[in-house]
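Written below as C-alpha cells is the structure these notes are about.
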Amino acid sequence: MNWWQRVRRRWQMEDELDAELRFHFDRLVGDYMASGLSESDARQRARAEFGGVEEVRDACRDARGTRWVHDIVQDVRFSARLLAKDRGFTIVAVLALALGIGMNNAMFTIVNALCLHGLPIDDADRVVDISARDEADRAQPLSRREFDELRSAHSHALEDVAAYVNRPATLRDEAVAAERINLSYVSANALSVIRQQPFLGRAFRLDDDGAGGAAVVILGGNLWRARYAADTGIIGKAVIINGAPASVVGVMPEGFRFPDGADAWQPLSAIQSPEDARMLRAYGRLASEATLAEAQGSVTAILQRQAQLPPRRAPGGAMVVSINDRYMSNISDPAWLAFITAGLLLVVIACSNVANLLLARGIRRGHEIAIRLSLGATRRRIVRQLLVESAMLAVCGCVLALGISIVALKVFWAAIPKGGLPYWVTLTTDARVILVLVLVCIGTVVLSGVAPALHLARTNLNFTMKEAANTVSAGHGARRWTQVFLTLQLALTVIMLSGLGITVRSFYLLQHRGPLIDTRHILTFGITLPTEAYRTPEQRLAFYRTLQERIVGGNHEMAVSVASALPASPGQPRQVLADGQDRSRSVPVRVTLIDDGYFRALGVPLLAGRPFAPDEGASARMSMIVNKRFADMFLRREDAAGQRVRLAAAPGSPSQADEIRTVVGVAPSLRQQPTLEPDPLIYLPLSPSAMSTVVVLVRTQEDPASLASLVRETARHIDPSVPLYGVMSLEDANWEARWNARVSAGIISTLALIALALATVGLAALTAHAVAQRSRELGIRLALGATRTEVVSLVLKRVLLQVTVGLIFGAIGAKAWERLFGAAGTTSAGTLAIVSVLVLIVTMGVSAWPAARAARIDPLLMLRDQ
C-alpha cells in the first residue's frame with residue numbers, strides 16, 4: 001500500500017488496527033484463563049502486560065508515515081473554527097491581504113502581457129527582426145535593394161527572410177461605404193515565415209509579388225466579420241483599395257493582425273518606391289541549429305557588401321534581434337520595475353498590517369496557548385498551528401484577490417482607447433500569473449505569520465497563568481514587534497505617496513507649462529486619400545484646399561488647417577546635424593508638416609518671425625519654423641529668424657543629401673507628445689510633398705460636435721471614396737493621446753491610496769488595542785488626578801512618536817527609490833513635506849477616536865476590577 005492509499009484509507013486502517021488490538025488482547029486473556037485464572041483476573045493481568053493501548057495506537061500511526069497529514073487536517077479544522085468565531089478580525093485581515101495581493105496580481109498581469117507573454121506566432125523564439133545599422137548605431141529600415149540581396153544570398157543562418165511596410169489605406173466596394181484601414185504590404189513568403197495561413201482561401205504566391213502580378217488582397221478576420229458579416233463567399237470578389245480593384249484571395253483568422261495591427265495585406269509589389277528608399281521592415285526565421293549571433297554576423301556581411309555597390313554608402317552593419325525583443329517591452333526597464341516593486345510593496349504593507357493584527361490577537365490568546373503548552377503540546381506544534389491560521393487567511397485573501405485583480409484589470413482595459421495597445425496584448429490569467437499568485441500567497445504566510453507565531457510560541461507559562469502579569473509580559477514583547485511592523489508600513493506608504501506626489505506634480509506642469517490651446521473649440525479629423533486617384537502632391541493639395549474652402553464658406557471667424565500630426569501626437573523623426581556634417585553626432589528632433597493657417601487654427605501666435613506663405617513650399621525657398629525649445633537648444637543667438645539649420649535626409653527618402661533650411665519663425669513650445677519637457681520641433685511646409693494621410697483642424701466658435709456632420713457631408717460631396725476617421729474635438733483627441741500617462745497615474749494613485757488606507761486602518765486598530773490593554777493603567781491615572789486631556793495627550797504622543805519614526809525612514813526610502821529606478825531629483829523636499837503632512841494628519845485623525853475613548857474610561861470601574 002503506497003503513501004497516498006494510506007492517507008485515503010485512514011479510517012479503514014483505524015478499524016483494522018482496533019480489530020487487531022482486540023484480537024491480541026482477547027488472545028492474551030484466553031491464555032491466562034486457560035492457565036486457571038478467572039476472567040476478571042485474566043483481563044487485569046492482560047492489561048498490565050499489554051501496556052497502554054493509546055501508546056500502541058500512536059506508535060502504529062507513526063509507523064504509517066501519514067501522521068503529519070492528519071495533524072495538519074486537525075489544525076485546519078481548529079483554525080477554521082477560531083477564524084469563524086472571530087469574524088471581525090478575519091474579515092479585516094482577509095480584506096487587507098486581498099487588496100495587497102489583488103493589486104499586485106493585477107500589476108504582474110499587465111507586465112506579463114506587455115513584457116513576457118510574447119507574440120502569438122508559432123515558435124516566436126526562432127523568428128528575428130532584421131534592421132540596418134547607421135553610423136550612430138541606430139536601427140534603420142532596409143531598402144528594397146538590400147532586402148532583395150538578403151533574400152537571394154541564402155544565408156546559412158536564416159531559413160527564410162520576409163519584409164513588410166505599413167501604410168494607411170482606403171477600402172471600398174459597391175455595397176459598403178469607404179473606410180480607412182491599416183494595410184500591410186508584405187513579401188509573398190511573409191505568412192510562411194511565421195507559419196501562419198489563412199483559414200479561408202490561400203496565401204500569397206510568388207507570382208502575386210512579381211512584376212505584372214494580379215492585384216490581390218488578404219483580409220483580416222476582424223475586418224471580414226465587421227465589414228462583410230463573415231461572408232464565406234468573399235473569396236474571389238473584388239474590392240477597391242486606394243482606388244484600385246483587388247481580388248480577395250484569403251481571410252486570416254480573427255485576432256491575427258501581424259505585424260503592426262494590420263487589417264489587410266497586399267503583396268509588396270503593390271507599393272511603388274525607389275530601390276534605395278529605406279522603408280522595409282524585415283524579419284526572418286533562424287535555420288535549424290543556427291544561433292542569433294550567427295545570424296547577426298551573416299546579415300552584417302551581406303549588408304556591408306551591398307553598401308559598397310553604387311551609390312556607395314558608409315557600411316553600418318546590421319541589427320538582428322529576437323522579434324519578441326523588437327515588439328515586446330523590456331521588463332528590465334525602470335518604469336516596469338517600478339510598477340512591479342510598487343505592487344510588492346503593497347503586499348508587504350498588507351502583510352505588516354496582518355502581522356500586527358495577529359500579534360494583538362495573540363495577546364488575548366495567551367491563556368489558551370499557555371494551557372496547551374501545560375497539557376503537553378510542543379512549541380513546534382504551537383508554531384505550526386499559528387502558521388496554519390496564517391495560511392488559511394492567506395488562501396482566503398488570495399481567492400478574494402483573484403476577484404479584485406479581475407475587476408482592476410477590467411477597469412484598466414476600459415480606460416485604454418481602442419487601438420491603444422498592440423493587438424496581441426491580452427490580459428489573461430495564464431500559468432505564469434497563477435504561479436506568481438501562489439508564490440505571493442506563500443510569501444504572505446512567511447511575512448505575516450512567522451514573527452507572530454515565533455513570538456507567541458515563547459509564551460512564559462509562569463507569568464501567563466497569572467492574569468495580572470499576562471498583560472505586562474505578553475505586551476512588552478509584542479509591542480516591539482508591532483512597532484517594527486508599523487514603522488515598516490508607514491515608511492512604505494510614504495514611498496508610494498511620494499510617487500503619487502511626483503505624478504500629480506508632473507500632470508500639473510504638463511497642463512500648465514507653456515501656452516494653452518483652447519481645445520474645446522477645435523474639431524479634428526483624419527483623411528487618407530486613395531493613392532490611385534491622388535498620385536501626385538498637387539492632386540492631394542488641391543483636394544485639401546477645396547475641402548478647406550468649402551468648410552469655411554463665408555465664415556471668416558472659422559479657420560481650417562491641414563497638418564501631418566496633431567499637437568498631441570509624435571511627429572516624423574529627423575536628425576539635426578549640430579556639428580557640421582558629422583552624422584555620428586546628429587541630434588534627433590521631430591518634424592510636423594503644416595500649411596499656412598496652422599497657428600491661426602490653433603489660436604497660438606508666433607513668438608518671432610512670420611508664418612508660412614500659402615505657396616511657401618512650392619517656391620525654391622527651403623524654409624522652416626522651429627519651436628522655442630529647438631531655438632534654445634540649437635540657435636543660441638536671440639534672433640533665431642534667418643539662421644540656417646542642416647537636416648539629415650528623411651528616413652525612407654531615396655535622396656541621401658542633407659537639407660539646409662532657413663528659419664523664418666519661432667513658435668511656442670507646444671507639446672507634440674505628453675512629456676514634461678516639450679521636444680525640439682521643426683515645422684516644414686506641407687505644399688511641396690503633401691502626403692495622402694493628414695489631419696485637419698477646424699477652429700469654430702460653436703460646439704465642435706455640431707460640425708461633425710458638416711465636414712463629413714462636405715468631404716462626401718467632393719469625393720465619396722474618401723473616408724474621414726477620428727472625428728472629435730481636439731480636447732478629446734488630446735485625452736486619448738495621453739491615455740498612457742493618465743492610466744499610469746491612475747495605477748500609481750490607486751496603489752498609494754490603498755497603502756495609506758491599510759497603514760491608517762492598521763494604526764487605528766493597534767491604537768485601539770493599546771488603549772484596551774492599558775485601560776487599568778489609564779483608569780488609575782484618572783483616579784489619581786490626571787485630566788482627560790492629559791490621557792488623550794499620552795495616547796497621541798506615543799502615536800506621534802511612531803509616525804515620526806515611520807516618516808523619517810519613509811523619506812530615506814523615497815530618496816533610495818528615485819536612485820534605484822533612475823529618477824534622481826524627482827522627489828523634491830516639497831513633495832516629501834506634503835506627503836509627510838498628509839500622512840501625519842490622516843494617522844493622527846484616525847488615532848483620535850481610540851484616544852477619545854481612553855479619556856472616557858471610568859476610573860471607579862477600573863479600581864473595582866483591580
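The values are calculated or read from the model by the stated rules, or taken from the named source; none is laboratory data. Because the structure is a prediction, the values reported are computed rather than measured. Cβ sites come from the backbone with ideal geometry, for glycine too, and all protein chains shown count toward neighbours. Quick note on the areas: whole protein, heavy atoms, side chains included, nothing else; ligands and nucleic acids left out. Shrake-Rupley method; radii C 1.70, N 1.55, O 1.52, S 1.80 Å.
Here are some notes:
- Share of Cα-Cα pairs in region 191-299 lying beyond 22 Å, as whole percent: 41 percent
- Cα→Cβ-extended label distance, 7 Å offset, between Asp31 and Asp231, nm: 9.7 nm
- Candidate aspartates and glutamates - alpha carbon under 16 Å from Lys237, same-chain residues fewer than 8 apart omitted: Asp173, Glu174
- Put the Cα centre of region 713-779 next to the Cα centre of region 530-564 and the gap is 40 Å.
- Normalised convex hull volume, region 124-327, alpha-carbon set, Å³ per residue: 118 Å³
- Applying 1/(1 + (r/R0)^6) with R0 = 51 Å to the Cβ-Cβ distance of Arg798 and Val587 gives a FRET efficiency near 0.30.
- Within the accessible area of region 530-721 (1.4 Å probe), percent carbon and sulfur: 50 percent
- Gap separating the Cα centres of region 401-431 and region 69-113, nearest whole Å: 24 Å
- Excluding same-chain neighbours fewer than eight residues apart, the aspartates and glutamates reachable from Lys85 by a Cα-Cα span under 16 Å are Asp75, Glu368, Glu389.
- Nearest-20 debye value, region 530-721 charge dipole, Cβ charges on Lys, Arg, Asp, Glu: 380 debye
- Relative contact order, whole percent, for region 530-721 stands at 32, derived from Cα pairs under 8 Å and 6 or more residues apart.
- Positive-pole candidate from Ser623, Asn555, Val576, dipole of region 530-721, charges at beta carbon: Val576
- Region 692-759: Rg to Rh, with Rh as the Kirkwood radius over Cα pairs: 1.26
- Gain on full extension, evaluated as 0.36 nm per residue between Gln643 and His156 minus their Cα-Cα distance, stands at 170.1 nm.
- Two-decimal log10 I(q)/I(0) for region 73-124, as the Debye equation yields it once each C-alpha is a single scatterer, q = 0.15, 0.26 Å⁻¹: -0.63, -0.95
- Eigen-decomposition of the gyration tensor built on the alpha-carbon atoms of region 530-721 gives equivalent ellipsoid semi-axes of 30, 20, 15 angstrom, largest listed first.
- Pairs of Cα atoms farther than 16 Å apart, region 102-201, %: 74 percent
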